[in-house]
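For reference, the structure discussed in these notes is given below.
The values are calculated or read from the model by the stated rules, or taken from the named source; none is laboratory data. These numbers come from a predicted model, not from an experiment. Glycine gets a Cβ as well: all are built from the backbone with ideal geometry, and neighbour counts include every protein chain shown. Remember, those area values only see protein heavy atoms, side chains included, never the ligands or the DNA or RNA. Shrake-Rupley method; radii C 1.70, N 1.55, O 1.52, S 1.80 Å.
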Amino acid sequence: MQEQTPKDPYLLTPGPLTTSMQTKEAMLRDWGSWDGDFKAMTATLRSELIAMIGPNCQEYDCVPMQGSGTFAVEAMLGSFITKNSKTLVLCNGAYGKRIVEILDYIQRPYVLIDKGDFLPPSVEEVEDALDQDPSIENIVIVHCETSSGILNPIEEIAEIAHQRGKKYLIDSMSSFGAVQLDCAALHCEAIVSSANKCIEGVPGFGFIIARKQALEQAKDNSHSLSLDVYAQWHHMNKTGQWRFTPPTHVVAAFLQALRQHRMEGGVQGRYHRYQQNRDRLVAGMRLLGFETLLDKRWLSPIIVTFFQPEDSNFKFTSFYDCLKKKGFIIYPGKLTDVDSFRIGCIGHIDTNVIDQLLDVVKDTLAGMRVNTTKPPLKALEERSKLQH
Ligand SMILES: *Cc1c(COP(=O)(O)O)cnc(C)c1O
């Protein structure tokens with residue numbers, strides 16, 4: 001892992017994140033989008049991503065889409081949810097809410113199970129919702145809800161979706177490439193992720209991996225010209241090109257990031273490193289007295305939410321600024337009722353980086369004269385809502 005400096009800090013954020021020097025260097029030339037070399041790069045990118053979704057991947061195809069991850073989520077929802085069909089949205093954080101917002105925008109009817117800031121949806125609740133409204137045809141869930149870091153129970157929900165014949169769509173943005181996802185076993189219609197999460201590329205495109213049959217059926221369904229997954233797929237298969245200007249440099253960087261992903265041992269290798277990062281981070285922070293929002297069963301190897309200390313000397317903005325000065329960018333929390341902050345485990349970082357961070361956190365707390373890092377009682381009450 002290369003050294004980062006205060007001028008060029010480690011991004012302990014869930015994308016954009018810290019990328020390797022080779023990935024950055026891969027962007028130092030220009031490509032013509034129509035040229036054979038770039039077409040070959042696009043083809044490689046698609047086939048390598050499909051190979052990550054488990055053994056029975058031949059039923060699926062990959063469609064890259066320009067824009068940030070949200071563009072790809074919107075493209076997926078607008079393309080695979082038919083115009084008048086009803087969707088059950090399972091929401092427990094900001095990214096679930098964003099799915100709801102997209103459905104409002106594109107005027108697709110939905111039913112919502114909103115669990116608040118972090119609680120996972122239960123199988124019983126989902127069954128009840130489906131019993132109450134048999135007209136529901138689609139279920140949408142977020143795999144790792146990045147706003148808390150919870151890893152949602154996508155396997156359990158997949159079983160119900162399959163039993164009841166519902167289309168199952170997953171926002172696997174922040175977990176894809178690091179947490180194994182077997183699309184065929186989950187019987188899912190489509191999943192979505194982006195370049196700047198666990199594959200460790202730079203931002204600029206997302207991708208949808210969908211059943212080929214679903215892609216065929218998506219013809220003329222999208223609400224949008226530029227976000228039409230079928231049209232992009234069809235054009236790409238026919239010409240090898242993206243429909244509109246592709247982010248050429250981002251694709252080049254992504255191919256280098258994919259090479260490193262492969263060299264690290266693919267999804268399993270990446271999972272292993274991120275898990276080590278998380279374990280070191282959580283253990284070190286607990287030693288400093290911090291408490292996590294989630295316990296082991298729900299903690300993802302992607303990002304961890306910590307409660308802010310109750311001590312009045314602790315001010316998040318000064319904490320943040322001190323860490324930044326020492327070369328680490330962390331992330332504010334997103335809980336409604338209690339103050340928190342988040343630290344990402346993903347990106348081109350290892351446990352040495354986590355150890356450096358822990359030293360800096362310790363010094364910073366001393367500098368701020370924080371005597372105790374214990375969270376307020378309210379925080380622990382909040383956490384106790386989580387069943388095992
Ligand atoms: C990052 C992320 C997105 C996409 O966010 P963008 O800012 O549009 O890239 C969507 N869902 C989840 C779960 C994410 O982590």
Length-normalised contact order for the chain - Cα pairs under 8 Å, 6+ apart - percent
24
Rh (Kirkwood; distinct C-alpha pairs) - the chain, Å:
21.6
Taking the chain as the reference, fit the longest principal axis to its C-alpha atoms, fit the long axis of helix 351-367 to the helix C-alpha atoms, and give the angle between the two in degrees, 0 to 90, nearest 10.
40
What figure in square angstrom, to the nearest 10, would you give for the accessible area of residue 164 with a 1.4 Å probe?
80
Keeping all protein chains in place, calculate the accessible area per residue for the chain (probe 1.4 angstrom), answer in Å².
42
Could you work out [θ]222 nm for the chain from helices alone, using -39500 (n - 2.57) per DSSP H run of at least four and dividing by all its residues? Round to the nearest 500 deg cm²/dmol.
-12500 deg cm²/dmol
Measure of compaction for region 1-155 (Cα Rg per 2.2 N^0.38 Å)
1.30
Using the alpha-carbon centroid of each, what span in Å lies between region 240-276 and region 71-107?
26
For residue 318, what accessible surface area do you get with a 1.4 Å probe? Give it in Å², rounded to 10.
50
In whole Hz, the Karplus estimates of ³J(HN,Hα) for region 243-258 (6.51, -1.76, 1.60; θ = phi - 60°; x where Gly or Pro) are 5, 10, 3, x, x, 4, 5, 5, 5, 4, 5, 5, 5, 5, 4, 5
Let me check I've understood the local charge: for residue 148, count other residues with C-beta under 9 angstrom from its C-beta, Lys and Arg +1, Asp and Glu -1. What total comes out?
0
Compactness relative to 2.2 N^0.38 Å, alpha carbon Rg of region 142-241
1.15
Between helix 123-132 and the chain, what is the angle of the helix's C-alpha long axis to the longest principal axis, kept within 0 to 90° and rounded to the nearest 10?
40
Please turn the phi angles of region 109-121 into ³J(HN,Hα) values with the Karplus equation 6.51 cos²θ - 1.76 cosθ + 1.60 (θ = phi - 60°), one per residue in order, whole Hz, x for glycine and proline.
x, 8, 10, 10, 10, 9, 8, x, 6, 7, 5, x, x
Which angle between 0 and 90 degrees, to the nearest 10, do you get for helix 266-287 versus the longest principal axis of the chain when only C-alpha atoms count?
20
Of every hundred units of 1.4 Å-probe accessible area on region 39-183, the number belonging to carbon and sulfur atoms, as a percent, is 50
For the full complex of protein chains and a 1.4 angstrom probe, list 187, 348, 261 by accessible area with the highest value first.
187, 348, 261
Semi-axes, largest first, in whole Å: what does sqrt of 5 times each Cα gyration tensor eigenvalue give for region 301-341?
17, 15, 7
Test of understanding: what is the full-extension gain from residue 105 to residue 355, defined as 0.36 nm times their sequence separation minus their Cα-Cα distance?
85.6 nm
Using alpha-carbon pairs under 8 Å, 6+ residues apart, how would you state the relative contact order of region 260-382 in percent?
33
Rank 236, 27 by accessible area, highest first, at a 1.4 Å probe radius?
27, 236
What percent does the relative contact order of region 214-328 come to when contacts are Cα pairs within less than 8 Å and at least six residues apart?
12
Which whole-Hz ³J(HN,Hα) couplings does region 162-178 yield from phi under the Karplus relation 6.51 cos²θ - 1.76 cosθ + 1.60, θ = phi - 60°, glycine and proline marked x?
5, 3, 8, x, 9, 6, 10, 10, 10, 8, 9, 3, 8, 10, 4, x, 10
Pick out which of 237, 138, 196 has the largest mean-square fluctuation in a Gaussian network model of the chain, springs linking Cα atoms closer than 10 Å.
237
Carbon + sulfur, % of accessible area of region 229-299 - ligands and nucleic acids excluded, 1.4 Å
53
For residue 168, other-chain or 5+-apart residues with amide H closer than 5 Å (H placed, Pro excluded) are 139, 189, 190
Of 39/167; 315/378; 296/374; 115/166; 24/325, which pairs sit farther than 29 Å apart, going by alpha carbon to alpha carbon?
39/167
